[in-house]
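Heads up, the thing below is written out as structure tokens.
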Amino acid sequence: MKLDGKQQPPQMNFDIDKDTKTIVCDTKRVDLEKGIEVECGGQLFAQGFELRRVSPLVSPTGKASVVPVPTFYCLNCGAEITEDKVQ
């Protein structure tokens, strides 16, 4: 459907409770006091930035630089959540 010559973005029609799955942090850490391995189980995440250095050989300006890369981390244990951990 067009509105004033502009195309509207596609509508997402799904039930968030039925059609999605909660992501849970499965990072394992060792509890030194109890001497056991504990799975995090956190379900709250925050966005942060990982800073990566770019070599002058691949930089478009020919100078070394720093690039911020967005990432998510678990608020419970601080582990970075990567795409392979989500699947």
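The values are calculated or read from the model by the stated rules, or taken from the named source; none is laboratory data. Predicted, not measured: the structure shown is a model, and the values here were computed from it. No Cβ is skipped: glycine too gets one built from the backbone with ideal geometry, and neighbour counts run over all protein chains shown.
Can you tell me how many residues in the stretch 1-50 are under 24 Å from Val69 (Cβ atoms) and of a type in the set (Val, Ile, Thr)?
Taking the stretch 1-50 and keeping what is under 24 Å from Val69 (Cβ atoms), we get 23-27, 40, 42-50.
Checking which are of a type in the set (Val, Ile, Thr) leaves us with 23-24, 27.
Of the residues in the stretch 1-50, 3 are under 24 Å from Val69 (Cβ atoms) and of a type in the set (Val, Ile, Thr).
Which pairs do you get when a residue that is in contact (Cβ under 8 Å) with a residue 12 or more places away in the chain, found in the stretch 46-66, comes within reach of a residue that is of a type in the set (A, V, I, L, M, F, W, C) and not in a strand (DSSP E or B), reach meaning Cβ atoms under 7 angstrom, with the pair 6+ apart or on two chains?
Ala46/Leu75; Arg53/Ala64; Val54/Ala64
Across the stretch 13-26, which residue is nearest to Cys77 (Cα to Cα) among those that are of a type in the set (A, V, I, L, M) and surrounded by 10 or more Cβ atoms within 10 Å (Cβ to Cβ)? Explain how you work it out, then say what you get.
From the stretch 13-26, those of a type in the set (A, V, I, L, M) are 16, 23-24; that's our starting set.
The next check asks that each one be surrounded by 10 or more Cβ atoms within 10 Å (Cβ to Cβ); those that pass are 23-24.
Working: Ile23: 14, Val24: 12 Å.
That would be Val24.
Within the stretch 27-55, which residues are loosely packed, with under 11 Cβ neighbours inside 10 Å and more than 13 Å from Glu80 (Cα to Cα)?
Val30, Asp31, Leu32, Glu33, Lys34, Gly35, Ile36, Glu37, Leu51, Arg52, Arg53, Ser55
Could you count how many residues in the stretch 57-68 are loosely packed, with under 10 Cβ neighbours inside 10 Å and touching a strand residue (DSSP E or B) at 6+ places or on another chain (Cβ under 6 Å)? Show your work before the answer.
To start, the set of residues in the stretch 57-68 that are loosely packed, with under 10 Cβ neighbours inside 10 Å comprises 57-58, 60-63, 66.
Checking the rest, the ones that are also touching a strand residue (DSSP E or B) at 6+ places or on another chain (Cβ under 6 Å) come to 66.
Qualifying residue count for the region: 1.
Hey, does the stretch 47-58 have a residue that's in contact with a Lys or Arg (Cβ under 8 Å, 6 or more places away or on another chain), over 22 Å from Gly78 (Cβ atoms) and either at pLDDT below 90 or part of a strand (DSSP E or B) (or both)? So that I can check it myself, show each step before the final result.
Step one: list which residues in the stretch 47-58 are in contact with a Lys or Arg (Cβ under 8 Å, 6 or more places away or on another chain), which gives 56.
Now narrow it down to the ones that are over 22 Å from Gly78 (Cβ atoms): 56.
Subsequent filtering for residues that are either at pLDDT below 90 or part of a strand (DSSP E or B) (or both) retains none.
No, that holds for no residue.
Pick from the stretch 1-28 the residues that are modelled with pLDDT of 75 or more and of a type in the set (A, V, I, L, M): which of them is farthest from Gly42 (Cα to Cα)?
Checking each candidate, the answer is Ile16.
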